[in-house]
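Notes for the one structure printed next.
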Amino acid sequence: MSSLMWSALEKLDASVQSIQSQVEWLRAALEIDETQLSHSLAEARHNVAMLRDLIRAERPDASWSDRADLEMLIHELELAAQARRNQQRRTKLLELAAELEAGRVKHRFEARSTALNTLRVEAVKQLRTEAARSDQEKELPGPDAGEWLHWACNLQESTDGMTLTELHRDFPAVDRFCGEMEENYWVPGDRNRTATDPTVRPITSSKTVTPITQDRRGVGA
């Protein structure tokens, strides 16, 4: 139980268990610490309020009558939240795919342009493949599509090592493209037209290009 709601429920259970332990002492006619009992009651009320707030932030009209109803409701809300996260991740992948497909790489050497554009096409394919998955556990790091390439081209191993590791692990084709790119090679296109105009056909490539083996900050001039 790792979500905020399940975590709040766990805290509520812990505080109620503490109260129950002290009630058992009372039932046995044993002395208890009244201050501790008062603290446990206050903590339980706080946890109840926090859990209710979390639930009603997601579904203002939510209601439940017992513990079973409460757990079922939390489960439903978790599924809905996960579906929203999946859709947000999918949308970000597709928007970047459209951005990369609409633009192109322009280098003064044609062979270099061809190599980089081939890597670009591979990155687009990977983004769309990942977006088609039913489960979206991978989250593309970085800003929205319009700013993404600028952000990616300026990543540094010394300061962004963790981000680069995640990008290489989860989106290796995208990482290869960005690692070989310089921002001034990029010629942006109209990704809205690419996404909506049926006359604009997706870019495909059958060429095989030998990978370029320089670091992500340095490319041939």
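The values are calculated or read from the model by the stated rules, or taken from the named source; none is laboratory data. For clarity, every value in this text was computed on a predicted model and none was experimentally measured. Here the Cβ positions follow ideal geometry from the backbone for every residue, glycine too, while neighbour counts run over all protein chains shown.
Quick rundown of the values:
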read-out: Selection from region 118-145 of residues that are in contact with an Asp or Glu (Cβ under 6 Å, 6 or more places away or on another chain) and under 19 Å from D190 (Cβ atoms); value: V124, A145
read-out: Unique match (being part of a helix (DSSP H, G or I), touching a residue at least 60 places away in the same chain (Cβ under 8 Å), over 14 Å from W186 (Cα atoms) and assigned by TED's automatic domain parsing to the domain that holds S134) among A81, A98, A115, A111; value: A98
read-out: Selection from region 138-174 of residues that are in a loop (DSSP other than H, G, I, E, B) and of a type in the set (D, E); value: E139, D144
read-out: Counted residues, region 59-98 - those being surrounded by fewer than 17 Cβ atoms within 10 Å (Cβ to Cβ) and farther than 30 Å from T129 by Cα; value: 13
read-out: Test set (1) of a type in the set (G, A, S); (2) closer than 28 Å to T165 by Cβ; (3) in a helix (DSSP H, G or I) - A49 fails condition number; value: (2)
read-out: Single condition S134 does not satisfy, out of (1) of a type in the set (G, A, S); (2) surrounded by 12 or more Cβ atoms within 10 Å (Cβ to Cβ); (3) not in a helix (DSSP H, G or I); value: (2)
read-out: Residue that is surrounded by the fewest Cβ atoms within 10 Å (Cβ to Cβ) [pool: residues in region 156-169 that are more than 17 Å from E99 (Cβ to Cβ) and among the aliphatic types (A, V, I, L, M)]; value: M162
read-out: Selection within region 112-168 - over 14 Å from M181 (Cα atoms) and of a type in the set (A, V, I, L, M); value: V124, L127, A131, A132, L140, A145, M162, L164, L167
read-out: Qualifying residue in region 50-63 (condition: of a type outside the set (F, W, Y) and within 22 Å of Q136 (Cα to Cα)); value: yes
read-out: Selected residue [modelled with pLDDT of 90 or more and touching a Gly at 6+ places or on another chain (Cβ under 7 Å)] from A145, A132, A152, A111; value: A152
read-out: Region 28-42 residues that are without any contact (Cβ under 8 Å) to a residue 24 or more places away in the chain, paired with ones that are of a type in the set (F, W, Y) and surrounded by 12 or more Cβ atoms within 10 Å (Cβ to Cβ) (beta carbon under 9 Å, 6 or more apart); value: E31/W25; I32/W25
read-out: Pairs where the first residue, in region 50-76, is farther than 17 Å from D13 by Cβ and the second is among the basic types (K, R) and part of a helix (DSSP H, G or I), C-beta under 6 Å, 6+ apart; value: A62/R56
read-out: Subset of region 12-40 [of a type in the set (S, T, Y), within 22 Å of L51 (Cα to Cα) and exposed (fewer than 13 other Cβ atoms within 10 Å of the Cβ)]; value: S38
